[in-house]
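Chemist: Okay, handing you the structure first.
Just so it is clear, none of the values below were taken in a lab; they were calculated from the coordinates. All values reported here derive from a predicted model rather than from experimental measurement.
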Amino acid sequence: MTREQLAQRIHWHTVMWCVGIMNAGFMLPQLFQIWESGVTTGLSLVTFVMNAGIQAGFMLHGFFIRNRIVMISNLIALIVSISTILSVFYFCTGE
């Protein structure tokens, strides 16, 4: 069995869309918690910035290899990461 046949048999395209959705949504609970509580204590801004850089890199990678799943999921994840970073700044300046 070839890789292509295996991928077709296990519906790899669908699996990757599910992984892409999870990638895009994994930081949403953190963002919601920041906005619900307004508390940013204990958050590492460096980690969020590094994560956003990685997501930007993979978004560009998806663009260059013409892989829509990789590009779109990382673009959405990047937007959530940037929103989280901006939220941290917003609530830190209000303290």
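Chemist: Using θ = phi - 60° and the Karplus form 6.51 cos²θ - 1.76 cosθ + 1.60, what ³J(HN,Hα) does each residue of region 29-45 get, whole Hz, x for Gly and Pro?
Modeler: Once θ is set to phi - 60°, the couplings for region 29-45 become x, 5, 4, 5, 5, 4, 6, 6, 9, x, 9, 10, 4, x, 8, 9, 5 Hz.
Chemist: Evaluate the relative contact order of the chain (contact order divided by residue number), counting alpha-carbon pairs under 8 angstrom at least 6 apart; express in whole percent.
Modeler: The normalised contact order for the chain reaches 37 percent.
Chemist: Calculated from the structure, Kirkwood radius over Cα pairs in Å equals which of (i) 14.7; (ii) 17.1; (iii) 21.7?
Modeler: So the calculated entry is the one marked (i).
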